[in-house]
Amino acid sequence: MSVLIGVGIVTTVTTIYLGRKGWHALHKMVGITPGVLTYQDNNTPLALSAVNWQQLTLNKKHLKVLPDNQLRQLQRIDEKVGSYQSYQKTRQAQNKTPAVTEQQFVLNKMLHTRLPEMLASHYQLVNINRSNNEVNQQKKAEASELLQEALNNIEHRLDELLKQIEVQQLQELRVMKNYINSHDS
C-alpha cells in the first residue's frame with residue numbers, strides 16, 4: 001500500500017515538474033517570458049512621468065493642464081517626428097542630404113517654436129483665473145479647441161511629409177530595379 005502511495009506521489013510530482021518545464025519551454029520557443037508580460041490598458045489616462053519625449057522639447061508644467069487625448073496626440077506627433085528624424089539621419093549618413101523644402105521648414109518651425117509657445121499660452125490662459133464663471137469656461141473651451149486644431153494641423157502635416165518620403169523611397173527602389181533589370185540582358 002505504501003509503495004502505491006509513494007509511486008502516486010512520485011508520478012504526481014514528476015507530472016507537475018515536466019508540465020511546468022514544458023509550459024516554460026513553449027513560452028520560450030514563441031519568445032514570451034512567463035510572468036514578465038504586463039497588460040497595458042490604452043484607456044487609462046497617461047501619467048506625465050511615464051511619457052518619454054524623444055524629439056519634442058516641451059515644458060512638463062504646460063502639459064499638466066492638457067486632457068488625455070491631447071497628450072496622446074502629442075505622443076503620436078513625437079513618434080512621427082522621431083521617424084522623420086531617423087530618415088534624415090540615414091540620408092545624411094548616405095551623403096544624400098536633400099535641400100530643405102518649404103513644407104519641412106514650416107513643420108520644423110511649428111514643432112520647435114510655435115508648439116511650445118501655444119502650449120505656454122494655453123497653460124497661462126487656463127491658470128490665469130481659476131474662477132468657474134461662464135465667460136472663463138468659454139475661453140478655456142475655445143483655447144482647448146484652438147490647441148486641438150493646431151495639433152491636428154501639425155499631425156496632418158507630419159503625415160503628409162512621411163507619406164511623401166514613402167513615395168520617394170518607393171520611386172528610388174523602382175529606379176534601382178529598372179536599372180538592374182536593364183543590365184540583365
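The values are calculated or read from the model by the stated rules, or taken from the named source; none is laboratory data. Since the model is a prediction, treat every value here as computed from it, not as a measurement. Backbone-built Cβ (ideal geometry, glycine too); neighbour counts: all protein chains shown. The accessibility values were calculated without ligands, DNA or RNA, using every heavy atom of the protein model including side chains. Shrake-Rupley method; radii C 1.70, N 1.55, O 1.52, S 1.80 Å.
Annotations for the structure displayed:
- A 1.4 Å probe run over the protein chains yields, for the chain, 73 Å² of accessible area per residue, whole-number rounding.
- Among the listed values (1) 7, 22, 19, 17, 13, 10, 7, 4, 1; (2) 7, 24, 19, 12, 6, 4, 4, 5, 5, 5, 4, 3, 1, 0; (3) 8, 29, 31, 14, 7, 6, 4, 2, 0, the one computed from these coordinates for P(r) over Cα pairs in 10 Å bins from 0, in percent is (1).
- For the peptides 54-64, 90-100, the ranking by mean Cβ contacts within 10 Å, running from highest to lowest, is 54-64, 90-100.
- For region 141-185 versus region 81-136, the spacing of their alpha-carbon centroids is 18 Å.
- In terms of the mean number of neighbouring beta-carbon atoms within 10 Å, the peptides 20-26, 67-73 order highest first as 67-73, 20-26.
- With respect to the chain, whose longest principal axis is taken over its alpha-carbon atoms, helix 68-93 is tilted by about 90°.
- Straightening the chain between Leu162 and Asn69 buys 31.3 nm, computed as 0.36 nm per residue apart minus the Cα-Cα spacing.
- Whole-percent carbon and sulfur share, accessible surface of the chain, 1.4 Å: 57 percent
- Burial order of peptide ranges 115-127, 166-178 (average beta-carbon count within 10 Å, highest first): 115-127, 166-178
- Mean residue ellipticity (222 nm) of the chain, computed from DSSP H runs ≥ 4 via -39,500 (n - 2.57), nearest 500: -24500 deg cm²/dmol
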